[in-house]
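Working notes for the structure below.
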Amino acid sequence: LVLVFGNTTQAVSTILTGFFGGMAIGSWAGGRFADRVQRPLRLYGVLEGILVVVVLLTPFTFQLIGDVYRGAFASLEGAPQALALVRFGLALLALAPATILMGATLPTLTRYLSRDAAHLSSAFGRLYAANTIGAILGAAAAGLVLIEIVGLTETLVVGAACSALAGLTAIVLDLR
């Protein structure tokens, strides 16, 4: 989204707010939903599958968001507060589908790994550590290597392929 909104402090703050807000909403909603399903591992696989579609649509979504923002910028250039609100709303629209889905995956897997309450904290701790390490490695690989070598769109395809692999693995494990 920096390519759409620019690299100002306000633009980056808006993007980060949308990202972490979506993750928080997804975690809250995903946890509540995962507590009610019979097969949380299957739910995780489905969430990853939907995420694949959302990620592959990202270039089109961001193009549309960019077009709307350019149109709003011309008419709101003299009203920075209104423009900031438009930017905030567009960032939320652009990020919400993927970040809510990503946020829902951690509590869903935690529910699967902790079938009894006595092991909930240890299961969550291990999963959270693995998730954090994976996020660090993924961000480093994408930001430092993949975007430079294959470009932004192809990096999204690599990310979608990783989600597809995780989702398919979960569904196969659930079927066993």
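Meeting the requirement of 2 or more residues that are β-branched (Val, Ile, Thr) and under 17 Å from the mean Cα position of the chain (by Cα), the helices (runs of 4 or more DSSP H) wholly within the stretch 67-176 are 80-113, 120-140, 152-175. State yes or no: is residue 10 free of Cβ contacts under 8 Å to residues at least 12 places away in the same chain and surrounded by fewer than 21 Cβ atoms within 10 Å (Cβ to Cβ)? Here the answer is no, as residue 10 does not meet what is asked. Tell me, yes or no, whether the stretch 103-115 has at least one residue that is closer than 24 Å to residue 29 by Cβ and without any contact (Cβ under 8 Å) to a residue 12 or more places away in the chain. Yes, the conditions are met somewhere in the stretch 103-115.
The residue of the stretch 153-172 that is farthest from residue 53 (Cα to Cα), among those that are out of contact with any helix residue (DSSP H, G or I) (no Cβ under 6 Å at 6 or more places or on another chain) and surrounded by fewer than 14 Cβ atoms within 10 Å (Cβ to Cβ), is 172. Just one of the listed residues (4, 46, 53) is without any contact (Cβ under 8 Å) to a residue 24 or more places away in the chain and part of a helix (DSSP H, G or I), namely 53.
Suppose the filter is of a type outside the set (D, E, K, R), out of contact with any strand residue (DSSP E or B) (no Cβ under 6 Å at 6 or more places or on another chain) and within 30 Å of residue 174 (Cβ to Cβ); does residue 79 pass it? Against the criterion (of a type outside the set (D, E, K, R), out of contact with any strand residue (DSSP E or B) (no Cβ under 6 Å at 6 or more places or on another chain) and within 30 Å of residue 174 (Cβ to Cβ)), residue 79 does not qualify. A count restricted to the stretch 113-151 and to residues that are surrounded by 15 or more Cβ atoms within 10 Å (Cβ to Cβ), within 22 Å of residue 60 (Cβ to Cβ) and either out of contact with any helix residue (DSSP H, G or I) (no Cβ under 6 Å at 6 or more places or on another chain) or among the small types (Gly, Ala, Ser) (or both) stands at 1. The number of residues in the stretch 14-37 being surrounded by fewer than 16 Cβ atoms within 10 Å (Cβ to Cβ), in a helix (DSSP H, G or I) and over 12 Å from the mean Cα position of the chain (by Cα) comes to 4. If you go through the stretch 30-60 and pick out every residue that is modelled with pLDDT of 95 or more and closer than 12 Å to residue 103 by Cα, you end up with 4. List, please: which pairs have Cβ atoms under 8 Å, are six or more places apart or on different chains, and start with a residue in the stretch 123-150 that is closer than 21 Å to residue 103 by Cβ and at pLDDT below 95 and end with one that is outside any helix (DSSP H, G or I) and open to solvent by less than 60 Å² (accessible area, probe 1.4 Å)? Within 8 Å, the pairs are 123/114; 124/114. Here residue 94 clears all of (1) of a type in the set (A, V, I, L, M, F, W, C); (2) under 29 Å from residue 15 (Cβ atoms); (3) at pLDDT below 95; (4) open to solvent by 50 Å² or more (accessible area, probe 1.4 Å) except the condition numbered (4).
The values are calculated or read from the model by the stated rules, or taken from the named source; none is laboratory data. What you are looking at is a predicted structure, and each value in this text was computed from that prediction instead of being measured. Counting neighbours? That spans all protein chains shown, and the Cβs are built from the backbone with ideal geometry, glycine included. Note: accessible area is taken over every heavy atom of the protein model, side chains too, but ligands, DNA and RNA are not part of it. Shrake-Rupley method; radii C 1.70, N 1.55, O 1.52, S 1.80 Å.
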